Amino acid sequence: MPAKHSLSSRAGKKIVHQARIFLKAAREEHSMAMNGKGKAGETDDAVGNTSILPNTTAPKTQIKYRDTLLFRLHEVQNRTRGKTWITKEELAGIAQDYGIPLAELDGIVSFYTMFSRERRGRHVIRLCDSLSCRICGSLDIYQHLRKKLGISRGMTTGDGVFSLEIVNCLGACSTSPNIMIDDHLISGLSLAEIDAMLDRLAKEEV
């Protein structure tokens with residue numbers, strides 16, 4: 001019995017020792033990757049394994065300021081009056097500035113409904129389709145807009161003035177129904193008031 005206990009003890013110490021070697025090697029490799037010195041797929045001699053830690057090749061300044069990416073996308077999309085989308089060339093330039101693969105950035109733009117890769121009207125109308133807005137009449141507003149503008153969701157008027165979009169939520173459920181025209185949230189308007197606002201915007205384009 002004592003011999004068995006001694007054997008288990010030696011085996012346990014060996015496992016702990018191997019675990020310490022592995023953790024030490026992992027920490028060193030992680031440190032190298034964070035400092036831009038390691039390479040993805042590099043073999044670690046200490047553990048005889050292939051690293052799966054990600055390699056960051058973008059400059060630190062690019063990594064540091066990635067939290068400003070959404071702000072930059074908004075800025076580029078709206079930098080010119082009447083332009084409400086991001087061009088292919090602009091997207092490529094942002095990807096280069098931030099050190100992000102173009103495919104990844106395209107996925108980000110596609111995820112957020114506020115951004116568009118497609119040409120849109122000079123004024124974008126976003127109608128909220130949340131449950132609270134539906135209860136308060138958003139479907140009636142949608143049918144009214146379809147009739148007035150002659151377009152359905154995802155379409156742009158022939159004169160290029162208005163685009164109509166449906167969004168999941170505008171974050172103002174207490175004031176339903178809500179629409180957003182460009183970057184301005186509008187709540188509780190009657191159909192007549194919506195018409196008056198659209199007519200005013202259309203006249204400004206003449």
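The values are calculated or read from the model by the stated rules, or taken from the named source; none is laboratory data. Remember, it's a predicted structure, so these values are computed and weren't measured experimentally. Cβ: placed from backbone, ideal geometry, glycine included. Neighbour counts: every protein chain shown.
Within the range 151-162, at least one residue is more than 18 Å from residue 116 (Cβ to Cβ) and free of Cβ contacts under 8 Å to residues at least 40 places away in the same chain. Looking at the range 106-128, I want the residues that are touching a residue at least 12 places away in the same chain (Cβ under 8 Å) and over 18 Å from residue 164 (Cβ atoms) and have a partner that is crowded, with 16+ Cβ neighbours inside 10 Å and among the aromatic types (Phe, Trp, Tyr) with Cβ atoms under 6 Å, at least 6 apart or on another chain. Which pairs are those? Correct list of pairs: 109/115. For the range 142-154, state whether one or more residues are of a type in the set (A, V, I, L, M, F, W, C), crowded, with 16+ Cβ neighbours inside 10 Å and within 30 Å of residue 68 (Cβ to Cβ). Checked against the condition, which is being of a type in the set (A, V, I, L, M, F, W, C), crowded, with 16+ Cβ neighbours inside 10 Å and within 30 Å of residue 68 (Cβ to Cβ), the range 142-154 yields no hits at all. In the range 179-193, of all residues being within 30 Å of the chain's Cα centre (by Cα) and charged (D, E, K, R), the one that is surrounded by the fewest Cβ atoms within 10 Å (Cβ to Cβ) corresponds to 183. Please pick out the residue among 125, 94 that is in contact with a Lys or Arg (Cβ under 7 Å, 6 or more places away or on another chain) and modelled with pLDDT of 90 or more. Answer to the selection: 94.
Listed by first and then second residue, the pairs with beta-carbon distance under 9 Å, at least 6 apart or on different chains, first residue in the range 84-102 and not assigned by TED's automatic domain parsing to the domain that holds residue 162, second among the acidic types (Asp, Glu), are 84/182; 85/118; 91/106; 95/104; 95/106.
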